[in-house]
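Here's the structure we're looking at; comments come further down.
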Amino acid sequence: MACLLETPIRMSVLSEVTASSRHYVDRLFDPDPQKVLQGVIDMKNAVIGNNKQKANLIVLGAVPRLLYLLQQETSSTELKTECAVVLGSLAMGTENNVKSLLDCHIIPALLQGLLSPDLKFIEACLRCLRTIFTSPVTPEELLYTDATVIPHLMALLSRSRYTQEYICQIFSHCCKGPDHQTILFNHGAVQNIAHLLTSPSYKVRMQALKCFSVLAFENPQVSMTLVNVLVDGELLPQIFVKMLQRDKPIEMQLTSAKCLTYMCRAGAIRTDDSCIVLKLDHDLKHAHELRQAAFKLYASLGANDEDIRKKIIETETMMDRIVTGLSESSVKVRLAAVRCLHSLSRSVQQLRTSFQDHAVWKPLMKVLQNAPDEILVVASSMLCNLLLEFSPSKEPILESGAVELLCGLTQSENPALRVNGIWALMNMAFQAEQKIKADILRSLSTEQLFRLLSDSDMNVLMKTLGLLRNLLSTRPHIDKIMSTHGKQIMQAVTLILEGEHSIEVKEQTLCILANIADGTTAKELIMTNDDILQKIKYYMGHSHVKLQLAAMFCISNLIWNEEEGSQERQDKLRDMGIVDILHKLSQSADSNLCDKAKTALQQYLA
């Protein structure tokens, strides 16, 4: 929106703005300088947080008048400062507001204001410039049009913490390529900004750090210079590493990691060179610890945020570097790399794309062959994700001998490894072919399955029941498995239903029975086992709805009309009093349970 509008348009808009908005602009033309100052102060208070008021004042021509007052030699310094503050507030509105300010040539006026000896006025001009230059509609080139601007900004860095914060923020937003990097570098950006990293102000330190990240990006000249810069007797890379510590804000950790990454890429820091000594948490002594810190940071950032995971993975060569970390000689770096990949593997999209493109499963399987427990726990947890049904890595992992490896983990003394081993097998068995299920049962062995079903760790027991449930899915598979392992499975089910277990455990166990009841021949193992039938009847009348529903699924699968032998099964269950219970449940306050009972009763009426 231009600041000079044609009369017809101006009149139509004017009819919509309030009289108070016109009053603010009219006061800017008062012949009394004191009244003008008060008018600007009142305007400042009126526009704070009010985008509608900002738009009205821009339409009414406030910007050209404010700029005129800001540049007039006869204007008091206080008036000039207040004008700059109002202009900055207008810039904080919409992008159209910024466009209007740019159309009125605000940047040259503000840059001219930086020549003033008054610090408050300079700070107000810089604050407004910061707001304008950080807007996406402002061309960065406007900062470099006048060759005297950059050196003057460098000189102003020493004036106050506010000039430091605003100038660094302007630089970091306006440095968009090698040409800009060269201009800033040649005017002493590194030397002038380096000491700001130790400023008592967090905002100054953060903006200085952002400056170095944009200066070093794909720039060997800057990176090679940074590695030798001393600040208070400490090398710059050491300061960056300190900023990676966990007690620092996430923004600072990420930006310092960027700086170090760009320096590594430029060859300024050799991450495999043991002669390079860095300090991290006062203990870390070798450059590979930098990788460890970076991997940890990325793992933390990507743990619960899909957008950040996407950004990390899409960063050029990042996945290659993380995967390479799996082969590091340092156990700590390998562990950090595995944790990072585990964090990234929580993304369904990345499992389908990037993890397959980089064949992450290959080095992961190698790690699982021979590693300390602390690495095995994270690596096996990640393998659980790679074995989900939608993961393209699932098939090659199966072909590489994963079944035997995972069955081996279930025998570990470490409960976390037992959980992950059985969890991965559970994911592997989901909607799997009969051959895979047979391989799992053969490799695991009935004896080990029983040991897992009697494991003292609740998580191990739940995942083992989940594995059984996935194995006993689709009728041909159910019948096949129950024909060879039926006696043992029924025995295990009985023991769990009789034992002191949680609602969740017993619900899973009843769901396994419901799957068995869905088999063609397997259901006879239930119908010929009066003990099991009595247990199903008992749980139909249980106080917990989840257990009632699970027991109901068993009954529904046993009495379904369309299946052979359904009449005999219905009769036997009627004699046991199942129909009476169904009538009672059809009056249940729980709508789900009520519907299931009514559906089951219809099988008797059909």
Of all residues in segment 553-568, count the ones that are closer than 16 Å to L513 by Cβ, open to solvent by 10 Å² or more (accessible area, probe 1.4 Å) and in a helix (DSSP H, G or I).
3
Need a quick list: helices (runs of 4 or more DSSP H) entirely within segment 452-543 having at least 2 residues that are of a type in the set (G, A, S) and under 22 Å from R442 (Cα atoms).
475-498
Flag for R574 being open to solvent by 70 Å² or more (accessible area, probe 1.4 Å), outside any loop (DSSP other than H, G, I, E, B) and touching a residue at least 24 places away in the same chain (Cβ under 8 Å):
yes
Only one of L376, L351, L388 is over 16 Å from L425 (Cβ atoms) and of a type in the set (A, V, I, L, M). Can you tell me which?
L351
For segment 426-438, which residues satisfy the criterion of being assigned to a helix (DSSP H, G or I) and open to solvent by 10 Å² or more (accessible area, probe 1.4 Å)?
M426, N427, Q434, K435, I436, A438
Going through segment 49-60 in order, the residues found to be out of contact with any Gly (no Cβ under 7 Å at 6 or more places or on another chain) and either assigned to a loop (DSSP other than H, G, I, E, B) or among the basic types (K, R) (or both) are G49, N50, K52, L60
Which condition from (1) open to solvent by less than 40 Å² (accessible area, probe 1.4 Å); (2) outside any helix (DSSP H, G or I); (3) of a type outside the set (G, A, S) is the one that L441 breaks?
(2)
Test I516 against the criterion of being under 42 Å from the mean Cα position of the chain (by Cα) and surrounded by 23 or more Cβ atoms within 10 Å (Cβ to Cβ), and give yes or no.
yes
The number of residues in segment 221-245 that are surrounded by fewer than 22 Cβ atoms within 10 Å (Cβ to Cβ) and in contact with a Pro (Cβ under 8 Å, 6 or more places away or on another chain) is 1
Mind listing whichever residues of segment 33-72 are among the β-branched types (V, I, T) and free of Cβ contacts under 8 Å to residues at least 12 places away in the same chain?
none
Residues located in segment 56-74, provided they are surrounded by 15 or more Cβ atoms within 10 Å (Cβ to Cβ) and of a type in the set (D, E, K, R)
R65
Can you tell me how many residues within segment 377-425 are on the phi < 0 side of the Ramachandran plot and surrounded by fewer than 19 Cβ atoms within 10 Å (Cβ to Cβ)?
17
Taking the conditions exactly as written (farther than 26 Å from E73 by Cβ, hydrophobic (A, V, I, L, M, F, W, C) and in contact with a Phe, Trp or Tyr (Cβ under 6 Å, 6 or more places away or on another chain)), does C174 satisfy them or not?
yes
Look at I107 and say whether it is without any contact (Cβ under 8 Å) to a residue 40 or more places away in the chain, surrounded by 17 or more Cβ atoms within 10 Å (Cβ to Cβ) and of a type in the set (V, I, T).
yes
If A550 satisfies all but one of (1) open to solvent by 10 Å² or more (accessible area, probe 1.4 Å); (2) out of contact with any Gly (no Cβ under 6 Å at 6 or more places or on another chain), what's the number of the condition it fails?
(1)
When the residues of segment 493-513 are narrowed to those that are acidic (D, E) and in contact (Cβ under 8 Å) with a residue 40 or more places away in the chain, which ends up surrounded by the most Cβ atoms within 10 Å (Cβ to Cβ)?
E507
Restricting attention to segment 13-48, report how many residues are within 48 Å of the chain's Cα centre (by Cα), assigned to a helix (DSSP H, G or I) and either of a type in the set (S, T, N, Q) or modelled with pLDDT under 55 (or both).
5
Identity of the residue in segment 315-338, farther than 26 Å from F217 by Cα and not hydrophobic (A, V, I, L, M, F, W, C), that ends up least open to solvent (accessible area, probe 1.4 Å):
S330
Looking at E82, E78, which is the one that is at pLDDT 95 or above, surrounded by 21 or more Cβ atoms within 10 Å (Cβ to Cβ) and either among the charged types (D, E, K, R) or under 17 Å from T131 (Cα atoms) (or both)?
E82
Please indicate, with yes or no, whether at least one residue in segment 364-372 is among the β-branched types (V, I, T), in contact (Cβ under 8 Å) with a residue 24 or more places away in the chain and either surrounded by fewer than 17 Cβ atoms within 10 Å (Cβ to Cβ) or under 22 Å from A257 (Cα atoms) (or both).
no
Of all helices (runs of 4 or more DSSP H) completely enclosed by segment 282-376, which ones contain at least 2 residues that are hydroxyl-bearing (S, T, Y)?
288-302
List pairs: first in segment 459-474 and crowded, with 20+ Cβ neighbours inside 10 Å, second of a type in the set (K, R), Cβ under 6 Å, 6+ apart or cross-chain?
V460/R418; L471/K437
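The values are calculated or read from the model by the stated rules, or taken from the named source; none is laboratory data. Bear in mind the structure is a predicted one, so any value in this text is a computation, not a measurement. We place every Cβ from the backbone using ideal geometry, glycine too, and count neighbours over all the protein chains shown. We work out accessible area using only protein heavy atoms, side chains counted, and drop any ligands, DNA or RNA first. Shrake-Rupley method; radii C 1.70, N 1.55, O 1.52, S 1.80 Å.
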